[in-house]
Structure formats: C-alpha cells, structure tokens
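Trainee: Please see the structure below; I have some questions.
The values are calculated or read from the model by the stated rules, or taken from the named source; none is laboratory data. Nothing here was measured: the structure is a model prediction, and the numbers come from that model. Note that each Cβ is placed from the backbone with ideal geometry, even for glycine, and that neighbours are counted across all protein chains shown.
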Amino acid sequence: MDIIKLLQNELNQEAVTTRKFLALVPFDKPDYAPHEKSMKLIALATHIADLASWPKLGVETDELDFATAPYNPAQVHDNEQLIALFDKGIAESLTSLAEVEEAFLEKPWVLRTGNQIHIATTKYGLIRVSLNQITHHRAQLGVYLRLLNIPIPGSYGPSADELNF
C-alpha cells in the first residue's frame, strides 16, 4: 500500500468538497457567528483554506511554535481569493508529499506554544490531523451556512438541499 498516494488522493477528494463550501461563504457577513464562543464566519473560512497548507508544513518542518511564529491568517476579500488560497495550499501540499518517501512520514512533529505541547505526533499524524481539521471545520461552516439559509452542498453524497427535502 502506498501511503503517500493515499494521502494525495484523500487531499484531492476532500478539496473537491471543500471548494463547494468555500464558494458559498457570504462575504457580506464576515462577523457572523452562531454563538459568542464560535469563530467569526470569515475567520473560520480562512482557517479552512489555511489548513490546506498544513501537510506541506508537516513535510517541510519538524514543529510549529506559536510563541515564535504567531498565526497570521491571510486576508481574503471574496470567494475567489478564498478558493485561490485553499488551492495554493492543496497544490503545495501535494507537491511536498510527492518529494518524500513513506518512511520520512514516521519522523516526529510537534505543535506548541513555547513549553506547552498541543500535539506531539509524526509527520504522517500531522497530515491526518490536517485532513481531519479541514473536514471538522468544513462541517462547522456547513452549520453557519444552514443557519444563514444558504443551501448546503453534499459532502459524501447529496445533501437534503440537493434532494429537495
């Protein structure tokens, strides 16, 4: 089994679905959030787009320390820029994965803020976390869209909106 190819295939498959959701983000409601503890709409959408570059981050680094490299999300102003940011991350991640051997993915990778360890995993583990985070946050975005009465696209089959329920 070729783990690299499987990861690349999964990135490509999830990208198709994620693009459909990102295309629906209403930029006229940037500060919308369904709850006071929820991320703002554009911050959530940008985070999803940024996560596409995390497999590349896992391949090219051994850690990310927010104490020395604080998160500075990209500024996007419309769906086209949002999708372009996402597509750039996917393309760079796919390229980075193509340049390594499977055994390389067993090397350790750490996410931290100074001495506080958030994730201690392998490079493979970080890529899986990245894919899971894209899916997780895409589902959150789906809730935001639903609450804004924006029809939801299907993820792993047709949605209730596509079936006209």
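Trainee: Examine region 105-126 for a residue that is farther than 25 Å from Asp31 by Cα, of a type in the set (Phe, Trp, Tyr), surrounded by 15 or more Cβ atoms within 10 Å (Cβ to Cβ) and in contact with a Ser or Thr (Cβ under 9 Å, 6 or more places away or on another chain), and state whether such a residue exists.
Mentor: yes
Trainee: Scan (1) touching a residue at least 12 places away in the same chain (Cβ under 8 Å); (2) under 30 Å from Ile4 (Cα atoms); (3) surrounded by fewer than 17 Cβ atoms within 10 Å (Cβ to Cβ) for the single condition Gly157 breaks and write down its number.
Mentor: The one condition Gly157 does not meet is (1).
Trainee: If you take the residues in region 117-165 that are among the aromatic types (Phe, Trp, Tyr) and under 25 Å from Trp54 (Cβ atoms), which one is modelled with the lowest pLDDT?
Mentor: Tyr156
Trainee: Condition first: of a type outside the set (Val, Ile, Thr), without any contact (Cβ under 8 Å) to a residue 60 or more places away in the chain and not in a loop (DSSP other than H, G, I, E, B). Now tell me which residues in region 18-67 satisfy that.
Mentor: Ala43, Ala49, Asp50, Lys56, Glu60, Glu63, Leu64, Asp65
Trainee: Any idea how many residues of region 13-63 are under 13 Å from the mean Cα position of the chain (by Cα), more than 18 Å from His77 (Cβ to Cβ) and among the aliphatic types (A, V, I, L, M)?
Mentor: Here the count works out to 5.
Here's the yes/no breakdown for (1) surrounded by 15 or more Cβ atoms within 10 Å (Cβ to Cβ); (2) closer than 18 Å to Thr135 by Cβ:
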{"position": "Asp28", "(1), (2)": "no, no"}
{"position": "Ile42", "(1), (2)": "yes, no"}
{"position": "Ser53", "(1), (2)": "yes, yes"}
{"position": "Leu82", "(1), (2)": "yes, yes"}
{"position": "Gly89", "(1), (2)": "yes, yes"}
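Each row is one residue, and each column tells you yes or no for (1) touching a helix residue (DSSP H, G or I) at 6+ places or on another chain (Cβ under 9 Å); (2) within 25 Å of Glu99 (Cα to Cα); (3) at pLDDT 95 or above.
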| site | (1), (2), (3) |
| --- | --- |
| Val25 | yes, no, yes |
| Lys29 | yes, no, yes |
| Ser38 | yes, no, yes |
| Ala52 | yes, yes, yes |
| Glu63 | no, yes, yes |
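Trainee: Considering only region 124-165, state which residues are under 17 Å from the mean Cα position of the chain (by Cα) and of a type in the set (Lys, Arg).
Mentor: Residues satisfying the conditions are Arg128, Arg138.
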